[in-house]
Amino acid sequence: MIKYQESLSQLTTGGFEGKIAHKFTAPRVIEYVNQHPELLDQLEVIKKEFGVRCNLSRATLLYVYHIGSRYDASYTLKFLRKAVLAIGLTGDETLYFYHQCLNEYKAKQSNWTKAEFEHTLIKVWSKVADKGLKAITKKTQIKAKKDEEFIKFIAPTEQALIEMSNAI
């Protein structure tokens, strides 16, 4: 979340000789949590909704839910339920393709890293928020590529909000 707020790539580490490591110290994290008290409530929602039923870490889910809730908490929760738990998917939606990739990872049929899944989840968020539930039409187009390294969350369009609100 701090990386996102500081407009750094999610692939950023401490940097050469720790030049940007100061952004990720414990006091900085505590300061962020104090500035965003809703984070603890959001963590409870993630625990309750997803528990141990998903292939992504709670930290990843909390990250997406926290940033997505800045736009619309209900939309974001439905988005995550579909992407991670496959609730209400029809088989030809962008989130269905993403969920298939998660299943392959769980079955050890995929060599994606967790970072690639996180990065791809943000790409999928942006595509769905822009063009609706059928934004990406093929599973092969899901994975975020290296040239898409710095993908940002975008506010859902009216079409995306309507589609998600009508979804299960």
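General observations
- Scanning the range 14-29 turns up no residue that is acidic (D, E), out of contact with any Asp or Glu (no Cβ under 6 Å at 6 or more places or on another chain), at pLDDT 75 or above and part of a helix (DSSP H, G or I).
- Only one of the listed residues (A129, A135) is of a type in the set (A, V, I, L, M, F, W, C), in a loop (DSSP other than H, G, I, E, B) and under 16 Å from K78 (Cβ atoms). That residue is A135.
- Number of residues in the range 80-104 that are assigned to a helix (DSSP H, G or I), within 22 Å of L161 (Cα to Cα) and open to solvent by less than 20 Å² (accessible area, probe 1.4 Å): the value is 7.
- Scanning the range 155-168 for residues that are assigned to a helix (DSSP H, G or I) and in contact (Cβ under 8 Å) with a residue 12 or more places away in the chain returns Q159, A160, L161, E163, M164, S165.
- Scanning the range 138-149 for residues that are assigned to a helix (DSSP H, G or I), under 18 Å from E93 (Cβ atoms) and not basic (K, R) returns T140, Q141.
- Qualifying residue in the range 69-76 (condition: part of a helix (DSSP H, G or I), open to solvent by 40 Å² or more (accessible area, probe 1.4 Å) and in contact (Cβ under 8 Å) with a residue 60 or more places away in the chain): yes
- K152 being among the basic types (K, R), open to solvent by 60 Å² or more (accessible area, probe 1.4 Å), within 19 Å of I67 (Cβ to Cβ) and part of a loop (DSSP other than H, G, I, E, B): yes
- With respect to being modelled with pLDDT of 90 or more and under 15 Å from K78 (Cα atoms), E163 fits the description.
A quick yes/no check of all residues on (1) under 18 Å from V52 (Cα atoms); (2) surrounded by fewer than 15 Cβ atoms within 10 Å (Cβ to Cβ):
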site	(1), (2)
K106	yes, yes
E118	yes, no
W125	no, no
A129	no, no
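- The single residue among L11, L56 that is under 25 Å from I154 (Cβ atoms), in a loop (DSSP other than H, G, I, E, B) and at pLDDT below 55 turns out to be L11.
- Candidates T120, T90, filtered to the one that is of a type in the set (S, T, Y) and free of Cβ contacts under 8 Å to residues at least 24 places away in the same chain: T90
- Matching residues in the range 56-67 - criterion: being of a type outside the set (S, T, Y), surrounded by 16 or more Cβ atoms within 10 Å (Cβ to Cβ) and within 20 Å of L102 (Cα to Cα): L56, L61, L62, V64
Residues checked against (1) open to solvent by 90 Å² or more (accessible area, probe 1.4 Å); (2) within 20 Å of A86 (Cβ to Cβ); (3) of a type outside the set (D, E, K, R):
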| residue | (1), (2), (3) |
| --- | --- |
| Q109 | yes, yes, yes |
| W112 | no, yes, yes |
| I122 | no, yes, yes |
| K134 | yes, yes, no |
| K143 | no, yes, no |
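The values are calculated or read from the model by the stated rules, or taken from the named source; none is laboratory data. Computed from a predicted model, the values in this text were never measured in an experiment. Neighbour counts are summed over all protein chains in view; Cβ atoms, including those assigned to glycine, are modelled from backbone coordinates with ideal geometry. Protein only, heavy atoms only, side chains kept; ligands, DNA and RNA dropped before computing areas. Shrake-Rupley method; radii C 1.70, N 1.55, O 1.52, S 1.80 Å.
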